[in-house]
Each structure stands twice: as C-alpha cells, then as structure tokens.
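The values are calculated or read from the model by the stated rules, or taken from the named source; none is laboratory data. Since the structure is predicted, the reported quantities are computational estimates derived from the model, not experimental observations. FYI the Cβ positions are ideal-geometry reconstructions off the backbone, even for glycines, and counts take in every protein chain you see.
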Amino acid sequence: MSQCSKFTREGPRSPHSWATTRLLRFRDTEDGVLTIFALFSFLLILMVAGIGIDLMRFERDRTRLQYTLDRAVLAAADLDQTLDPKAVVRDYFEKAELVDFLEDPVITPGIGYRIVSAKANATFPTQFMHMSGIDTLTAPASASAEESVGGVEISLVLDVSGSMNSYSRLSKLKVAAKEFVQQMDDNTVDGKLSISIVPYSSQVSVPDYLMKHMTTTGENRHANCINFSEADFNTVNLDPDISRPRTLNGSIWSHQNYDNRSSNQPITSWVDCRNRPERDILVMQSDTEKMKTYIGNLTASGNTSIDIGMKWGAGLVDNSTNKLIKRLITDENVADTFKDRPYTRDSGETLKVIVLMTDGQNTSQGEILPPYREGNSPVWWNSNAQVYSTYDSVRDEYFWHNNKSWNDHPYGNGQYTVTETTGQWICRDRRYYGCYDWDWVETTTTNTYDEPGTAVNLSFPELWDYTTVQWHKNLQAQRIGSYNAQDLWFNKVGKGYGGTEKDTRSLAICGAAKDAGNIVYTIGFEAPTAGLNILKKCASSDSHFYDVEGLEIEDAFTSIASSIRKLRLTQ
C-alpha cells in the first residue's frame, strides 16, 4: 500500500505536472490580486520620490549658482571696487568651484555708474529621472547689477557756531566737506546732482537775492533770517509764499550792553542773525569748484540751533521750494538745469539726502515779539546832540535822558528857556588909591535857546539796529525804575528759546524729514552727549549716525558719499 500511494490510476505523477497544477490553482484563486497592485504602487511611489529627489538636488544647485552670481555682480559693480570687474566675478565662481559654468561677464562703465551683467549655465546628471529618459537637467542663471548715484538732491547742513573755532574743528570740517562734494561730483552724471549748503549757528542767514522772494513780516536792514513757529518744525514745507516773521537785529538772548548808535555802526556781535557772504546759504549748486571755494570761506561764531539748520536743509530738498528755485533761475542765481527741482517725492527722479553735522548741542536763540517788531517806538534820537528822548503816554510828556527831565517835546524839536543869573562886583567907595568898598550885584535874565539838532522818532526795527535789548532796558530804567524796565523792556520785548525747547523742535523736523522720504545722515564731531543723543534720533538709522573725532570726520563724509550711491539688483 505504501508503494501504491505514489501512483495515480493513470500512473506516476511528474514534477512538471505538479508545478503546473500549483500555478493553475494560484491563477484561479483571488488572493494574489492585492500583492500585484501593491508591487505596482511601490514602483510608482519610488519613481515619483526619485523625481522629487532629483528636482530638489537641481533646485539646491541652481540656487547656489544664482546666489554666487548675484554676489559676484554686486561686488564687481561697486564703484569703490578697484579690481577688474570681470576678474572679481570669476574669483567668486572659482572659490565656489563653479567657474566651469560661467560665461564671459559684460561690463558697461560710465561716469557715475557701472553695470555688470553675467550668465551661467550648469548641467546636472539625474539619478532617478534617467529611468524615464531624462538624463540631465540644465540650470540657467543670470544677474545684472548697477551702482550709480543717479539723481541726487543733497542738503549739507553744517555747524558754524563759535565752538567750531576750537581744536581746528572748522579747518578739518572744510577739508572733509570739500572732499565730499568732489566725490559726489566724480561719481555722478552731469545734471543729476544738486547740493545746497546750509551753514547754521544761532540762525540761518540767506542772501539778498533769495530773501527778496520770501514772504516776511518785519524789516531788518542788516541781516536776512527767518523766525519759524513751533508748527513749522512739524513739516518740511518751505513755501516762499507763506508769510513768516523776519528776524530783527536786536539781541535778546544775551545780557550784552551795547549801544552803537553814536558811532552809526549796527550791532554785529551778540546777534542771532549774521549776514555775511561766507555765512549765507548756497542754494542748489552743481559747480564743484564754486562749492569748494564757498566751504573754504566759512567762518564760525554764535550759538547753536540744530533745529533751524535742519528746517532749512529739509526745506531745500522739498518740492514746496520749486517755485523759489524757478524765481532764482529767472534772476540767474540758479542754473536752468534745476528748473524742475526739487522733484516731488513720488516722481522717482532723485534720491533726497540731508547730511546734518554739529560739534555741540542746542543752546539758545531769541526773537523780538509783537508789538515791538514794527511801527514807531516811543524813543526819539537826536544824532547831533547825541540825546535820547522817550515819550510817556501816561504823562503825555517826553523824558530827556541827557538831563533826566520831563518836557513837552523830544530834545531837539523846539526851544528851551533858561533863567540865568549873572553877577559882578561894583565899587561903592572909590578913593584916590583905589576902591575902598565893593558890592556884589546880581542880574537875573530869562533866555530862550534853540535846541541843537533834530529829534527823530525811531521805528522799532531802527531801535534794535543799534542797541541791544539789555542796553535799552537800562536806558528806560532812568525814567521808570529797574523793576518796571525789566518787565516792560526785556521780558515783554522778546522771547528766548533754550536747549530743551530747541531739542523738541529738532526732533520734530527730523521726524518730518524722514517721514517725507528723505535719507538723513548725522555726524557728531567731538560733540557732547546731549548733542549726540539728538543726532542719533535724527538719523535714518543707527548706521546713518557717525560719532567722530579729529580727522575721522573725513572718514565719515567719505562713508556717506559711498553710501549715497544706490546699489541695486536690476534683473
């Protein structure tokens, strides 16, 4: 039986027939369907994942190629770059071990600009996509960089207060500022650059040809400055048709006691507004030699008003002064090239830059207040007799300051009567050897004399032309006492602005300038902490602020000149 179990009825079973039976049985069962689908899905996922891996490798290498190219053309386009631009680009690719993919860069140089363009193409082998017939992937990269100054409007706001005479600061500033305007000229296309220079101390003085186009109230025959209100520092607007009070000549911020009327010399010391050619602002220029000569002639004196310097600097790059520039062009004081400047903010024509420099901090400044700014004063002056008279409306009389008497007219505009007594000795008893007895005999007469000279009623501007407020207060104390004179002829005549108020104004105008889209650079030149704090807040950023000493001021201006050049990717 054991032998028979190995056979079927048909005979012994062969190995092939057994395998065939098993396959047929596997074919007929449904258990293998899922296994085949799973195998197919696995192969599909493997293919998709492989394509993703290839693409990720491709994007990684392409990004590296583009990044290297961007950095290379930017470095090559830098106008401060002294190496050959093509060599610079190639060096970047050699260090990245990508030089085989680099095409020959194209360099376009010019006055004030440099354009560098380059392309690179890299071929990467695939690891999975070749199974679908894609053996390589090609990564193209291109970049173009341009560094150029383009259109630039600059206000150079320079401190020329008295402290600039210390430690050769003024001479060092002159060297640095001259080099700055030269660098800007060297790297700017003709007609694209305009620079206004604003020297400031207690005030900012403007030339006659500009002042006549400003709308002002009050008069000053000796100087051209403008008083700005608190609201003026909240805006960069410097529209010449807006009426503003003119700075009068009288000094109220100091207690200097000066009267120059006798010598007919207007007060030039201890006044806020100093009007001299070397202190007047220079408006919208491109003539480098003219600007350098102007800088070389700057002189220093007076207090420090960062707020007023910044107000003029911001205004001269604001479109609100375009009508002023057009008027100056008509007068042939500004080149016709600038007829459209300052451009509007949204024109995209120019970069607007303010460079603010100081060696100090805000100190003090004063101004004459209404009603002491215009009209006739109560003071009369007799130049021939050198006598002041003051009209007192309460008494309806004139006080003559030469003899401290009250009269019905100013000294020099009438006659005065004097009762004079004269006497002589008369001999009462004359004898042969002479007079024996003498009598003193007096004679009283009333004489009328014409007062010498002529008294002239002084206007308030004329009054302050030759006397400080402090001196005039002392004059009036002769008739009304020191206390009343201090109240009426000092405290009410003018207003002084101290450092705290001027700091607030400075921050306001700096904020307005930045809000208007200006780039603000600030330089503290051996300045105290209070001044540096204002400059830091005024600057567009920490990197726009410079704290320098000595010859470092040259480095600051050089750095700013380089920074002004707009470096940008153009493709």
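Looking only at the range 399-414, which residues are loosely packed, with under 11 Cβ neighbours inside 10 Å and in contact with an Asp or Glu (Cβ under 6 Å, 6 or more places away or on another chain)?
Here is the first cut: in the range 399-414, the ones loosely packed, with under 11 Cβ neighbours inside 10 Å are 403-404, 408.
Those that are loosely packed, with under 11 Cβ neighbours inside 10 Å and in contact with an Asp or Glu (Cβ under 6 Å, 6 or more places away or on another chain): none in the range 399-414.
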Could you list all residues from the range 404-422 that are more than 56 Å from the chain's Cα centre (by Cα) and of a type in the set (A, V, I, L, M, F, W, C)? 418
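If I go through the range 337-360 residue by residue, how many of them are among the acidic types (Asp, Glu) and crowded, with 18+ Cβ neighbours inside 10 Å?
Going residue by residue through the range 337-360, those that are among the acidic types (Asp, Glu) are 340, 346, 349, 359.
Imposing the further condition that a residue be crowded, with 18+ Cβ neighbours inside 10 Å reduces the set to 359.
Matching residues across the range 337-360 total 1.
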Of all residues in the range 238-268, how many are touching a Leu at 6+ places or on another chain (Cβ under 8 Å) and among the polar types (S, T, N, Q)? 0
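On the basis of being within 27 Å of residue 563 (Cβ to Cβ) and β-branched (Val, Ile, Thr), does residue 181 make the cut?
On the way: within 27 Å of residue 563 (Cβ to Cβ): yes; β-branched (Val, Ile, Thr): yes.
Against the criterion (within 27 Å of residue 563 (Cβ to Cβ) and β-branched (Val, Ile, Thr)), residue 181 qualifies.
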Just checking, which of 152, 204, 160 is at pLDDT below 95, within 20 Å of residue 522 (Cα to Cα) and within 20 Å of the chain's Cα centre (by Cα)? 152
Return yes when residue 217 is surrounded by 19 or more Cβ atoms within 10 Å (Cβ to Cβ), in the same structural domain as residue 293 (by the TED database), among the β-branched types (Val, Ile, Thr) and more than 25 Å from residue 360 (Cα to Cα) and no when it is not. no
Residues that are surrounded by 13 or more Cβ atoms within 10 Å (Cβ to Cβ) and within 34 Å of the chain's Cα centre (by Cα), drawn from the range 60-97: 70, 71, 73, 74, 75, 76, 77, 78, 79, 81
Could you please give the count of residues in the range 260-312 that are within 30 Å of residue 342 (Cα to Cα), of a type in the set (Gly, Ala, Ser) and surrounded by fewer than 18 Cβ atoms within 10 Å (Cβ to Cβ)? 1
Among (1) part of a strand (DSSP E or B); (2) without any contact (Cβ under 8 Å) to a residue 60 or more places away in the chain; (3) crowded, with 16+ Cβ neighbours inside 10 Å, the one test that residue 447 misses: (3)
Is it true that some residue in the range 161-182 is in contact (Cβ under 8 Å) with a residue 12 or more places away in the chain, among the hydroxyl-bearing types (Ser, Thr, Tyr), touching a Pro at 6+ places or on another chain (Cβ under 9 Å) and closer than 24 Å to residue 272 by Cα? no
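Which residues, taken from the range 478-501, are of a type in the set (Ser, Thr, Tyr) and either under 27 Å from residue 362 (Cβ atoms) or surrounded by 15 or more Cβ atoms within 10 Å (Cβ to Cβ) (or both)? Spell out the reasoning first.
Step one: filter the range 478-501 for residues of a type in the set (Ser, Thr, Tyr), giving 482-483, 497, 500.
Hits for the range 478-501 are 497, 500.
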Checking residue 437 against (1) out of contact with any strand residue (DSSP E or B) (no Cβ under 6 Å at 6 or more places or on another chain); (2) modelled with pLDDT under 95; (3) farther than 30 Å from residue 216 by Cβ; (4) charged (D, E, K, R), which test does it fail? (1)
Conditions (1) assigned by the TED database to the domain that holds residue 286; (2) part of a strand (DSSP E or B); number of the one not met by residue 185: (2)
Within the range 229-238, work out how many residues are in a loop (DSSP other than H, G, I, E, B), buried (at least 18 other Cβ atoms within 10 Å of the Cβ) and out of contact with any Asp or Glu (no Cβ under 8 Å at 6 or more places or on another chain). 1
Report, ordered by the first and then the second residue, all pairs with beta carbons closer than 7 Å, sequence separation of six or more or different chains, a first member in the range 72-99 that is within 12 Å of residue 116 (Cα to Cα) and of a type in the set (Val, Ile, Thr), and a second member that is modelled with pLDDT under 90 and part of a loop (DSSP other than H, G, I, E, B). 88/81
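Restricting to the range 310-330, and then to whatever is among the charged types (D, E, K, R) and part of a helix (DSSP H, G or I), can you tell me which residue is nearest to residue 518 (Cα to Cα)? Before you say what the answer is, go through the steps one by one.
As a first pass, look at the range 310-330 and keep what is among the charged types (D, E, K, R): 311, 318, 323, 326-327.
Subset that is part of a helix (DSSP H, G or I): 311, 323, 326-327.
On the way: 311: 13, 323: 20, 326: 22, 327: 24 Å.
Here the answer is 311.
Across the range 423-481, which residue is farthest from residue 398 (Cα to Cα) among those that are among the polar types (S, T, N, Q) and more than 57 Å from the chain's Cα centre (by Cα)? Spell out how you get there, then give the answer.
Initial filter on the range 423-481 (among the polar types (S, T, N, Q)): 424, 443-448, 454, 457, 459, 467-468, 470, 474, 476, 478.
Subset that is more than 57 Å from the chain's Cα centre (by Cα): 424, 443-448.
Details: 424: 37, 443: 31, 444: 28, 445: 26, 446: 23, 447: 22, 448: 19 Å.
Looking at the filtered set, the residue picked out is 424.
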